[in-house]
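Here's the structure, in structure tokens; my notes come after.
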Amino acid sequence: MDEAERRRTLTDLIAADAQAMAILRAVRDLGLNDWVIGAGFARNRVWDWLSGRTDKTPFADIDVLYHDQADIRVEREKQLEERLRAVMPDVPPWSVKNQARMHLRNGDPPYGSTEDALRFWLETPTCVAVRLEGGSSLTILAPHGLADLFSLVVRPTPSDRQRIEAYRQRMVEKNWTARWPRLRIDALRD
């Protein structure tokens, strides 16, 4: 499967999921700049499909990212979470983060866009996000590509080889192989 086929498969998986599409519509209606929903929102759908799971892995949370230099207040993010909770109170917790400020928390250089921020996430299959455009067209952001995601491979992003202990700790905490036993975790031995 080449990258174009992987992108088509991912968009098909998301488009076929009524709950995912409703969540995307709710976020699109906020009118945010350079927004996407990332992390488990896309990753878990693909891993479930590749693993032949008929029971969808529930969302632990909904990771909404956007990039807006004009208002980097944490209070703004909380207001957006409240608006989303009011529209869709029955979904898991909303986590809205303005990527224009997240570099400060992460000790990285400033992020120029949401896609740029995704490059700095810990592992490659999590650096995948989806945006619903006008109508029902989906845009996929995947700065490290989709090969690891579709190969069931988890490895640190190039930037996070500097934070290898954080990556290792996350692999222990997430324990993804309990749900998806075919995953291959790159442990990066010393």
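Bear in mind these aren't lab numbers, they're just calculated from the coordinates by the rules spelled out. Remember, predicted model here, so these are calculated numbers, not experimental data. For neighbour counting, all protein chains shown are included, and Cβ atoms are generated from backbone atoms with ideal geometry for every residue, glycine included.
A few points about this structure:
- Sum of side-chain charges, ASN44 neighbourhood, beta-carbon under 10 Å (Lys, Arg +1; Asp, Glu -1): +4
- Full extension of the chain between MET21 and GLU3 yields a length gain of 4.2 nm, computed as 0.36 nm times the residue separation minus the alpha carbon distance.
- Of all aspartates and glutamates in the structure, those lying under 20 Å Cα to Cα from LYS78, and not within fewer than 8 positions of it along the same chain, are ASP29, ASP34, ASP61, ASP63, ASP68, ASP90.
- For the chain, share of DSSP beta bridges that run antiparallel, in % to the nearest 5: 60 percent
- Here the contact order of the chain, divided by its residue count and restricted to Cα pairs under 8 Å and six or more residues apart, works out to 22 percent.
- Taking Cα centre as origin and charging only the Cβ of basic (Lys, Arg, +1) and acidic (Asp, Glu, -1) residues, the dipole magnitude of the chain rounds to 380 debye.
- In this structure the amide hydrogen of ILE62, modeled in the peptide plane, comes within under 5 Å of the amide hydrogens of TRP94, SER95, none closer than 5 places in sequence on its chain.
- Net charge dipole size for region 25-97 [Lys, Arg +1 and Asp, Glu -1 on Cβ; Debye, nearest 20]: 180 debye
- Candidates ASP55, ASP17, ASP71, ranked by Gaussian network fluctuation over the chain, Cα under 10 Å, top entry: ASP55
- Loop sites in region 85-181: GluC sites (Glu not before Pro), DSSP, at most 12 other Cβ within 10 Å: GLU133
- Cβ-based charge dipole, the chain, positive-most Cα from GLY31, TYR66, LEU183: LEU183
- With 5 Å bins from 0: P(r) over region 48-190, alpha-carbon pairs, percent: 2, 8, 15, 19, 22, 18, 11, 5, 1, 0
- Along region 50-64 the Karplus relation, 6.51 cos²θ - 1.76 cosθ + 1.60 evaluated at θ = phi - 60°, assigns HN-Hα couplings of 5, 8, x, 6, 8, 8, 5, 5, x, 6, 6, 7, 10, 8, 9 Hz to successive residues, with x for each Gly and Pro.
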